Amino acid sequence: MRAALYARISTHDQQTLGMQVDALAAYISDRGWDVTKQIKDIGSGAKDRPGRESLLKAARRREVDVIVVWRLDRWGRSVADLMTTLRELTDLGVGFVSLTEALDLTTPTGRAMAGLLAIFAEFDREILRERVRAGIAQARKEGRRHGRPPTASLKVGEVLRLKAEQMSHAEIARRLAIGRTSVRRIVAEGR
């Protein structure tokens, strides 16, 4: 099988990259698979992961048969993201192995575990939705606003004054630290 190893570290965790790569390579070798891709991403989990994206593209092109990672949190940004990518890999016929959690989607047991993870992820999303709805209902009941604070609407006078001085929308937005779309909306409504 053509295996790709994926290692990711945050900038605060530099010392574990070599350990991850060594463990992943040893596992792939023990299984008798060939390492065809070795991807290393460095950076926060919330930011873009160019290596992971290139690996997903390789999987879509059928260039790899299995992806091996150190831990699930090294691969997925969230439970929902993890389940989406695992489902896509499964649909593509690409295996997925997480060493630390002993999750191997190349086996029937691993696929069953992934199914359970999907159930828990859906349960987690439903609980979150219910909490959000309850919070919004409570805020309305108490007469409190919810959602994004009204920053641009508090600066209508300043926007109109600066526009009257022939300042561009972009410059107004920069100066007042609001979005250009908000500036355009305020100017359009102010006429």
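Looking at this structure, is residue 39 under 20 Å from residue 117 (Cα atoms) and either outside any helix (DSSP H, G or I) or of a type in the set (Gly, Ala, Ser) (or both)?
Considered against the rule, which asks whether it is under 20 Å from residue 117 (Cα atoms) and either outside any helix (DSSP H, G or I) or of a type in the set (Gly, Ala, Ser) (or both), residue 39 comes out as no.
For the subset of the stretch 94-108 comprising residues that are surrounded by 12 or more Cβ atoms within 10 Å (Cβ to Cβ) and outside any strand (DSSP E or B), which member is farthest from the chain's Cα centre (by Cα)?
Across the stretch 94-108, the extreme among qualifying residues is 107.
Just give me the residues in the stretch 90-131 being of a type in the set (Gly, Ala, Ser) and touching a helix residue (DSSP H, G or I) at 6+ places or on another chain (Cβ under 8 Å), in sequence order.
95, 98, 114, 118, 121
Taking interchain pairs and intrachain pairs at least six residues apart, which have beta carbon atoms under 6 angstrom, with the first residue in the stretch 165-191 and closer than 17 Å to residue 153 by Cβ and the second in a helix (DSSP H, G or I) and basic (Lys, Arg)?
169/180; 169/184; 173/180; 176/155; 187/163
Out of the stretch 52-93, which residues are under 26 Å from residue 125 (Cβ atoms), open to solvent by 10 Å² or more (accessible area, probe 1.4 Å) and hydroxyl-bearing (Ser, Thr, Tyr)?
Correct list: 78, 84, 90.
What residue, among those in the stretch 132-173 that are exposed (fewer than 11 other Cβ atoms within 10 Å of the Cβ) and in contact with a helix residue (DSSP H, G or I) (Cβ under 9 Å, 6 or more places away or on another chain), is farthest from residue 187 (Cα to Cα)?
144
Among (1) under 17 Å from residue 1 (Cβ atoms); (2) part of a strand (DSSP E or B), there is one condition residue 62 misses while meeting the rest; what is its number?
Just one mismatch for residue 62, condition (2).
Please count how many residues of the stretch 111-131 are of a type in the set (A, V, I, L, M, F, W, C), over 18 Å from residue 81 (Cβ atoms) and open to solvent by 80 Å² or more (accessible area, probe 1.4 Å).
Of the residues in that region, 0 qualify.
The values are calculated or read from the model by the stated rules, or taken from the named source; none is laboratory data. Just so you know, these numbers come straight off a predicted model, no measurement behind them. As a convention, Cβ positions derive from the backbone with ideal geometry for all residues, glycine included, and neighbour counts pool all protein chains shown. Ligands, DNA and RNA are stripped out before the accessible areas are found, and what is left, the full protein with its side chains, is counted by its heavy atoms. Shrake-Rupley method; radii C 1.70, N 1.55, O 1.52, S 1.80 Å.
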